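Undergrad: Would you mind keeping the following structure in view while I ask a few things?
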Amino acid sequence: MGYQPTKKEVIQEIVKSGKDPVYFINNYAKISHPMRGLIPFRTYPFQDELLKNFNDHRFNVILKARQLGISTITAAYVVWMMMFHRDKNILVMATKFGTAANLVKKVKQVIRNMPPWLMVATISVDNRTSFELSNGSQIKASSTSSDAGRSEALSLLVIDEAAHVEGLDELWTGLYPTLSTGGRCIALSTPNGVGNWFHQTYIDADAGSNDFFPTNLPWDVHPDRDLEWFEKETRNMSRRQIAQELECNFNMSGETVLNPDDLMKIENEQLMDPEYRTGFDRNLWIWETYNPEHSYLMVADVSRGDGRDFSAFHIINLHTLQQVAEYQGKINIDMYANLLNTTGREYGDCMLVVENNNIGFAVLEKLMEAQYPNLYHSVKSTHEYVDSYAAEARSNAVAKLEEFIRNKLLTIRSKRTLQEMKTFIWNNGRAEAMRSYNDDLIMSLAIACWVRDTALVVNQRESEYKKVFLSSMGKSSTILDTTIPGMTGNKKQTASEAIKERKQFGWLLK
């Protein structure tokens, strides 16, 4: 039968438990251990602190490593809230419905293993993924459909593995009003790259710009874990898996197109504040002014004109392969063409490439009207100078950018460009910006790498061939002997004739 407290003791224990979730969980909660079966829940100091945060703050966002028992401690807190408070309505969401249902199952298990004399409420309605208590409190697991929880006033919303829930930014728009009457939220997750709702919410919470209280729980907060444990645990894990599962590292955890190690190197070793912020909107950033001994390449991406993306360009020093200037802004076509024209001329009439989408062609036309002297045009899969520029396939340009970054050939100075790199991901095999983010700086930089390593290399090689061809033509100011042995009717070529011939074929060098 076990220990049977007196009525006075029962009242005392109910009061103590109702006031303090840490006391209740450490004395009366039991959980299932995979090896030892049903055991008492004994919390660690970091879990006690987390329970305190649940009580002290309406909104909590927890960035956590795996296997710290955070979902279990959350389930135990839910038990405390439901058991010792009336009419609490709790909704659990997760990346998979089964994950949410499993947390509800943990809640039910803790309740069923409480001492009978401590149960001030009993399970009155019992379903597989939801149940109600006799005091009016209830809990249910929910899918991540667009209408999840919209019609309910919630006391607590638990979002498990929040970084992995697709479209959570839109879901939150519908869920937040359900908490307006004083409801609370606990969002917990391992990281899953940057740019998603969980990442943005945690970063904003850390900066104090939203109502969430942030908690960071990497692998080593657990007192039983040391470096030996870490090395054994990570022996068969990739760098990305380690960052996601154990280190709570946003930047290195996602499926970014560019390697997280390379992004970290750029952030730590290459980023630099611009020397000048100029232009009518101060969005033209300049790190290096024109050096007449160097050549430059300028590549521009033109916005769609719907207000959701930016026009952008980069200027790359072809001698050092450093980013020397960058623009990103919302600007009309006339002003953008004028900015490209004046900036390109300031860099020695550098070669200017404009992505040839519909609006891009309009910018090209205006640059031609301005008689910009060094516009690059290319037919797809060729490097011929023709009337319009069409970029190589997007995937080829992105692959070339990845190659340049991986081989540390390109130096990135701009934090704006790096931010786009962090949110540039693989989505069903396609490289693109995360939802609600942009990739205009990424794509213009990718085209710059492609042009630099294909078109310019090919054109340089062809130019060398042409120079060799022209070298056989008249170079002397004296009369040249063009007689072919064994033939008659040939004549000497005068210097003036040689000059005339060079003028005739000189276009080959252009």
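Undergrad: Within region 35-43, is even one residue in contact (Cβ under 8 Å) with a residue 60 or more places away in the chain, assigned to a strand (DSSP E or B), among the β-branched types (Val, Ile, Thr) and in contact with a Ser or Thr (Cβ under 9 Å, 6 or more places away or on another chain)?
TA: No, there is no match, as no residue in region 35-43 is in contact (Cβ under 8 Å) with a residue 60 or more places away in the chain, assigned to a strand (DSSP E or B), among the β-branched types (Val, Ile, Thr) and in contact with a Ser or Thr (Cβ under 9 Å, 6 or more places away or on another chain).
Undergrad: Does region 250-258 contain any residue that is assigned to a helix (DSSP H, G or I), modelled with pLDDT under 90, under 14 Å from the mean Cα position of the chain (by Cα) and surrounded by 15 or more Cβ atoms within 10 Å (Cβ to Cβ)?
TA: Within region 250-258, none of the residues are assigned to a helix (DSSP H, G or I), modelled with pLDDT under 90, under 14 Å from the mean Cα position of the chain (by Cα) and surrounded by 15 or more Cβ atoms within 10 Å (Cβ to Cβ).
Undergrad: Could you pull out every one of the helices (runs of 4 or more DSSP H) wholly within region 359-475 that has 1 or more residues that are open to solvent by 30 Å² or more (accessible area, probe 1.4 Å), at pLDDT 90 or above and over 19 Å from Val302 (Cα atoms)?
TA: Correct list: 394-406, 415-422.
Undergrad: Sort through Arg112, Arg58, Arg128 and tell me the only one that's within 30 Å of Lys8 (Cβ to Cβ), basic (Lys, Arg) and either open to solvent by 10 Å² or more (accessible area, probe 1.4 Å) or in contact with a Leu (Cβ under 8 Å, 6 or more places away or on another chain) (or both).
TA: It is Arg112.
Undergrad: Residue by residue through region 5-38, note down the ones that are of a type in the set (Val, Ile, Thr) and either surrounded by fewer than 11 Cβ atoms within 10 Å (Cβ to Cβ) or within 41 Å of the chain's Cα centre (by Cα) (or both).
TA: Result: Thr6, Val22, Ile25, Ile31.
Undergrad: Would you confirm, using the coordinates I've provided, whether Arg282 is at positive phi and surrounded by fewer than 17 Cβ atoms within 10 Å (Cβ to Cβ)?
TA: So Arg282 fits the description; yes.
Undergrad: Could you tell me whether Asn236 is open to solvent by 60 Å² or more (accessible area, probe 1.4 Å) and in contact (Cβ under 8 Å) with a residue 60 or more places away in the chain?
TA: Spelling it out, it is not the case that Asn236 is open to solvent by 60 Å² or more (accessible area, probe 1.4 Å) and in contact (Cβ under 8 Å) with a residue 60 or more places away in the chain.
Undergrad: Can you name the condition, by its number, that Ser143 falls short on among (1) closer than 15 Å to Val92 by Cβ; (2) crowded, with 17+ Cβ neighbours inside 10 Å; (3) under 29 Å from the mean Cα position of the chain (by Cα)?
TA: Answer for Ser143: the failing condition is (2).
Undergrad: Determine which member of the set Val110, Val61, Val120 is touching a residue at least 40 places away in the same chain (Cβ under 8 Å) and part of a loop (DSSP other than H, G, I, E, B).
TA: Residue meeting the stated conditions: Val120.
Undergrad: Could you tell me which of the residues Glu231, Glu269 is of a type outside the set (A, V, I, L, M, F, W, C) and within 27 Å of Arg42 (Cα to Cα)?
TA: Glu231
Undergrad: Would you mind finding the one in Glu326, Glu245 that is surrounded by 17 or more Cβ atoms within 10 Å (Cβ to Cβ), in a strand (DSSP E or B) and not small (Gly, Ala, Ser)?
TA: Glu326
The values are calculated or read from the model by the stated rules, or taken from the named source; none is laboratory data. Not measured: the values here are computed from a predicted model. Positions of Cβ are generated from backbone atoms using ideal geometry, with glycine treated the same way; all protein chains shown enter the neighbour counts. Protein only, heavy atoms only, side chains kept; ligands, DNA and RNA dropped before computing areas. Shrake-Rupley method; radii C 1.70, N 1.55, O 1.52, S 1.80 Å.
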